[in-house]
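Okay, structure first, notes after.
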Amino acid sequence: MTYSFRGMTPADWPAESHCLPYQIVIGTQMLHAVGLAMAAKIAGEPAVAVGVCGDGATSEGDVSEALNFAGVFQAPVVLVVQNNGWAISVPRKKQSAAQNFASRGAGFGVPAELVDGNDILAVYEVMNRAVERARAGQGPTLIETLTYRIGAHTTADDPTRYRDAAEIEEWQRKDPVARFQKFLLQRDLLSEAEIEKMLAGIEEEINQAVEVAESTPNMAPDSFFDYMSADLTPRLQEQRADLLRHVNQKG
Ligand SMILES: Cc1ncc(C[n+]2csc(CCOP(=O)(O)OP(=O)(O)O)c2C)c(N)n1
Ligand SMILES: [Mg+2]
């Protein structure tokens, strides 16, 4: 199924995706995940929430708060730190003096695992274990997946300005997709023809998603006021009018 995110309001978000609408304020998603997990626990539902953030996000207070709540309330949540070595141009070593991010779990009483993020089967195994623990009422797990951001952060980013090409080459050799392909080919679980077919299908799906996204109108800039609270206080109504005045002035 292809979803277009650009023009979607939270009310349009497909519940069957079991994903929250993405948000831009880095780190807060970990709090949302813990909140969802706590809600499921209170409601007696067997759900497990998963929150994923980057190495850079771990420097935000929200991630520590999320870990603390997860530990104290034994929330059925898996908190994953995808450590890809960079937060735009900021290297991993500037995020924390700790040897790894997984070690943070101990301080919050949250069991943690450090896994090779480029080993698909290892990540699957560790995630499965964490989800099973949460489902069995054994509380949260922190997982650090060690990987690397091969490409640029965004199309506006130029990584040649801040990092060494040799570092990229070294990680290219550990490409998780190439590695898993090799594993499956060697065991005759996958053929070259099947890979070709799969790649063509994926490309088609991406092209379709881009088309849908590009043809979807932007959200109204003030629409978030509709989803923040049940009723807008006079102060919020003023802020909404102010925002619209500002947007209209800018044309
Ligand atoms: C609170 C906050 N600060 C800054 C930004 C701008 N920003 C967007 S992505 C990014 C780097 C994120 O790095 P990391 O957490 O390592 O995730 P990665 O993109 O490497 O997966 C920053 C600083 C933001 N979106 N939110
Ligand atoms: Mg990163």
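The values are calculated or read from the model by the stated rules, or taken from the named source; none is laboratory data. All figures in this text were calculated on a predicted structure; none of them were measured in a lab. Please note: Cβ atoms are built from the backbone with ideal geometry, for glycine as well, and neighbour counts cover all protein chains shown. Heads up: the accessible areas ignore ligands, DNA and RNA and are worked out on the full protein's heavy atoms, side chains in. Shrake-Rupley method; radii C 1.70, N 1.55, O 1.52, S 1.80 Å.
The relative contact order of the chain comes to 20 percent, based on Cα pairs under 8 Å that sit 6 or more residues apart.
Tell me the per residue accessible area of the range 71-220 using a 1.4 Å probe; a whole number in Å² is fine. Write out the running numbers ahead of the final one.
Details: 9490 Å² over 150 residues.
That works out to 63 Å² per residue.
Expressed to the nearest 5 percent, the antiparallel share of DSSP beta bridges inside the chain is 10 percent.
So, with +1 on the Cβ of K and R and -1 on the Cβ of D and E, and no other charges, what is the size of the charge dipole of the chain about its Cα centre, to the nearest 20 debye?
Details: 22 positive and 34 negative charges, 163 e Å.
Rounded to the nearest 20 debye, it is 780 debye.
Only Cα pairs under 8 Å and 6+ residues apart enter the sum, and on that basis the relative contact order of the range 24-144 stands at 29 percent. Other residues within the sphere of radius under 15 Å centred on the Cβ of residue 134, judged by their own Cβ, net out at +1 (K and R +1, D and E -1). Counting only protein heavy atoms and using a 1.4 Å probe, what share of the accessible area of the range 84-209 belongs to carbon plus sulfur, as a whole percent? On the range 84-209, the fraction of accessible area on carbon and sulfur atoms equals 55 percent.
Taking amide hydrogens as placed 1.01 Å from N in the peptide plane, the amide H of residue 52 sits under 5 Å from those of 80, each at least 5 positions away in sequence or on another chain. First select every other residue whose beta carbon is under 13 angstrom from the beta carbon of residue 53; then total the charges, Lys and Arg +1, Asp and Glu -1. Spelling it out: positives minus negatives among the neighbours equals -4. If I compute solvent accessible area with a 1.4 Å probe over the protein chains, what percent of it on the range 15-60 is carbon and sulfur? Roughly 68 percent of what the probe reaches on the range 15-60 is carbon or sulfur.
Normalising the average separation of contacting C-alpha pairs (under 8 angstrom, six or more residues apart) by the number of residues puts the relative contact order of the range 8-81 at 35 percent. Descending by average beta-carbon neighbour count within 10 Å, the peptides 226-239, 139-152, 43-56, 166-179 line up as 139-152, 43-56, 166-179, 226-239, the highest first.
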